[in-house]
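Read through the structure below, which is laid out as structure tokens, and then see the notes.
The values are calculated or read from the model by the stated rules, or taken from the named source; none is laboratory data. Owing to the predicted nature of the structure, the values given are computational and were not obtained by experimental measurement. Every residue, glycine among them, receives a Cβ derived from its backbone with ideal geometry; neighbour counts consider all protein chains shown. Accessible surface is based on the protein model in full, side chains and every heavy atom, while ligands, DNA and RNA are left aside. Shrake-Rupley method; radii C 1.70, N 1.55, O 1.52, S 1.80 Å.
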Amino acid sequence: SVTSEDAADSASVSTGCMISQASDGLNMQASLPSSEGVQRKQFNQFTAHCVFSAHLTHMATAPNPKMWTKVLHFVISKTKFSYLHMKYLFFSWLAVFVGSWIVYVEYSSYTELCRGHDCKNSICDKYRKGVIDGSACSSLCDKDTLYLGKCFTMKPKSQVYSGTWGDLEGVIKCQMEEAPHYDLGNAMKHRKESAAFNQPTKGTSVERFREMILNHLKSKVGNQANLADLATQVLSITDANKDGHISLPEARSTWALLQLNEFLLALVLQDREHTPKLLGFCGDLYVMEKVPYSPLYGISLPWVMEVWIPAGVRRSMDQWFTPSWPHKAKISIGLLELVEDVFHGTFGSFLMCDVSATRFGYNERHDLKVMDARYIVPEAIFQENIRQQQCYVDEDCLYGADCLTSCDLTKHRCTPEVTRPNLAKACEALKDYTLRGAPADVREELEKQLYACIALKGSSEQMEIEHSLILNNLKTLLWKKISHTKDS
């Protein structure tokens, strides 16, 4: 678009510029000690600068609008390139910064939570000093055949690891400085044990130790008729090396384990299939049978994704990767049987204070297994201590995720009765799980039974009758549908 006159003027100015500075350019090339490629690049930059200067000089002396437009486009294109370049650098720096921060936070959390090495050293130190003993001590501390694997710890003071013990795979749980001993009267938080391995004292007889066990069990589950049988089972476990004698270190290990709610529940339900088997122990470190599939349902997503996913979509996603419906029906029957076992069971009643999917898993036969029993607590001890809990609203009377009582505003104390029974909480956890993929001929009746179950209230006078009726109806409905299949 430039006229021939403009082009001639521009060329003459450019030529003059280049001729006037040619000697400087040649001198520059001759004086540089760099390679020929570097010299050529520097000379080209010098020439381009000279031509651009010539255009500006010509524009100043010959104000041609077309020439102004051409140069303006040139300047804008250079500015645009610079802006995109800076934008790219900014977002690259931002990505590196955010990534580094996430790595730092994850590493800090891991080092704070996962202290398995410290736990092992503490246990083995007490074992070598003769303070504690147990069936897993030699393998953990002397033979090194009990290994701590992947860390699953959620709280620093309750270490959880996958582990291998020879040919066995298990889950290793170890307490750090504080045992998960529930003081429900003090905001229902963990109560610190000042000396975890000082009981029983030296000189205590086996009969005296048996009395200690009986009194402890009575304080936990109430005065049950068959506590003597449970105490005998505890003494059998205490004799770790099966030599017919109970040593003081073995007794101290067992006493420390009895303070743990999960260990107590494993004893109570050891004849049932819902709790993993105890493989061994050393002090308050113990090894449980591995549960192959956990959690019961749901997928784990990075927290960055969790923030942006709506709750309804998230609940739907949790049901994507689940077994076939007959297998889910069998697992659901297992959870209902667990509720039945802990509700007025052989050794008293227990409250299930966290009935979330993460607390349960299942094995290859699709038998339900309790993964984490810390929030399945004896009802007697719960009621005794919740009465002392100060409150101003009902939410002050919440323990775990699901055990809620009401607040007596006249006394500002919590009432002892939970608002929802175990069965209602279990049915709520199973609702989406069992209805998704349910056969058409049972779906309507199953949904009706589940909603009736969820509506159960703990304060109802007829609660126990309704509880038993709905429980049996649900089990029968599910069992009839799968009893004739290989999945049963």
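Assuming L450 fulfils every condition listed in (1) within 32 Å of the chain's Cα centre (by Cα); (2) of a type outside the set (V, I, T); (3) open to solvent by 30 Å² or more (accessible area, probe 1.4 Å) apart from one, which condition is it?
Status for L450: all satisfied but (3).
Would you be able to say whether some residue in segment 169-183 is in contact with a strand residue (DSSP E or B) (Cβ under 8 Å, 6 or more places away or on another chain), modelled with pLDDT of 90 or more and open to solvent by 60 Å² or more (accessible area, probe 1.4 Å)?
Yes, some residue in segment 169-183 is in contact with a strand residue (DSSP E or B) (Cβ under 8 Å, 6 or more places away or on another chain), modelled with pLDDT of 90 or more and open to solvent by 60 Å² or more (accessible area, probe 1.4 Å).
Which members of segment 232-264 meet the condition of being open to solvent by less than 60 Å² (accessible area, probe 1.4 Å), assigned to a loop (DSSP other than H, G, I, E, B) and not small (G, A, S)?
D239, I246, Q259, L260
Filter segment 199-214 for residues that are outside any loop (DSSP other than H, G, I, E, B) and either among the small types (G, A, S) or open to solvent by 70 Å² or more (accessible area, probe 1.4 Å) (or both) and give the result.
V206, E207, R208, E211
Those residues that are farther than 27 Å from Q159 by Cα, of a type outside the set (A, V, I, L, M, F, W, C) and either assigned to a helix (DSSP H, G or I) or in contact with a Ser or Thr (Cβ under 9 Å, 6 or more places away or on another chain) (or both), I need them from segment 217-231; list them, please.
Within segment 217-231, K218, G222, Q224, N226, D229 qualify.
Being over 31 Å from the mean Cα position of the chain (by Cα) and within 25 Å of M317 (Cβ to Cβ) narrows it down to one of A440, A426, so name that one.
Unique residue meeting the criteria: A440.
So that you can scan it fast, the table gives a plain yes or no per residue for (1) in contact with a Lys or Arg (Cβ under 9 Å, 6 or more places away or on another chain); (2) at pLDDT 90 or above; (3) farther than 18 Å from L335 by Cβ; (4) of a type in the set (D, E):
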{"site": "D432", "(1), (2), (3), (4)": "yes, yes, no, yes"}
{"site": "A440", "(1), (2), (3), (4)": "no, yes, yes, no"}
{"site": "E444", "(1), (2), (3), (4)": "no, yes, yes, yes"}
{"site": "E447", "(1), (2), (3), (4)": "yes, yes, no, yes"}
{"site": "L450", "(1), (2), (3), (4)": "yes, yes, no, no"}
{"site": "K457", "(1), (2), (3), (4)": "yes, no, yes, no"}
{"site": "L471", "(1), (2), (3), (4)": "no, yes, no, no"}
{"site": "T476", "(1), (2), (3), (4)": "no, yes, no, no"}
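Given the conditions (1) in contact (Cβ under 8 Å) with a residue 40 or more places away in the chain; (2) among the β-branched types (V, I, T); (3) part of a helix (DSSP H, G or I), which single one is not true for I465?
(1)
Look at F350 and say whether it is under 30 Å from L227 (Cβ atoms) and in contact with a helix residue (DSSP H, G or I) (Cβ under 6 Å, 6 or more places away or on another chain).
yes
V313 versus (1) among the β-branched types (V, I, T); (2) part of a helix (DSSP H, G or I); (3) in contact with a Leu (Cβ under 8 Å, 6 or more places away or on another chain): which is the lone unmet condition?
Among (1) among the β-branched types (V, I, T); (2) part of a helix (DSSP H, G or I); (3) in contact with a Leu (Cβ under 8 Å, 6 or more places away or on another chain), V313 violates only (3).
Does R191 meet the test of being surrounded by fewer than 17 Cβ atoms within 10 Å (Cβ to Cβ) and modelled with pLDDT of 85 or more?
In short, no.
When you scan segment 215-231, how many residues do you find that are over 14 Å from G348 (Cβ atoms) and either open to solvent by 20 Å² or more (accessible area, probe 1.4 Å) or touching a Pro at 6+ places or on another chain (Cβ under 9 Å) (or both)?
Adding up the residues that qualify gives 2.
Within the group L267, L301, which residue is in contact with a Leu (Cβ under 8 Å, 6 or more places away or on another chain), closer than 25 Å to S162 by Cβ and either at pLDDT 90 or above or open to solvent by less than 60 Å² (accessible area, probe 1.4 Å) (or both)?
Selected residue: L267, the only one of L267, L301 that is in contact with a Leu (Cβ under 8 Å, 6 or more places away or on another chain), closer than 25 Å to S162 by Cβ and either at pLDDT 90 or above or open to solvent by less than 60 Å² (accessible area, probe 1.4 Å) (or both).
Restricted to segment 316-358, and to residues that are closer than 20 Å to F382 by Cα and part of a helix (DSSP H, G or I), which residue is most open to solvent (accessible area, probe 1.4 Å)?
E340
Check segment 383-400 and report whether any residue there is within 16 Å of S349 (Cβ to Cβ), free of Cβ contacts under 8 Å to residues at least 60 places away in the same chain and of a type in the set (S, T, Y).
No, segment 383-400 contains no residue that is within 16 Å of S349 (Cβ to Cβ), free of Cβ contacts under 8 Å to residues at least 60 places away in the same chain and of a type in the set (S, T, Y).
Across segment 361-416, what is the number of residues that are part of a loop (DSSP other than H, G, I, E, B), acidic (D, E) and open to solvent by 40 Å² or more (accessible area, probe 1.4 Å)?
Going through segment 361-416 one residue at a time, the tally reaches 2.
Name every residue in segment 118-152 that is of a type in the set (S, T, N, Q) and assigned to a loop (DSSP other than H, G, I, E, B), in order of residue number.
Those that are of a type in the set (S, T, N, Q) and assigned to a loop (DSSP other than H, G, I, E, B): S135, T145.
Sort through V287, V307, V313 and tell me the only one that's within 22 Å of the chain's Cα centre (by Cα) and either among the aromatic types (F, W, Y) or at pLDDT 90 or above (or both).
Step by step, each of V287, V307, V313 is checked, and only V287 is within 22 Å of the chain's Cα centre (by Cα) and either among the aromatic types (F, W, Y) or at pLDDT 90 or above (or both).
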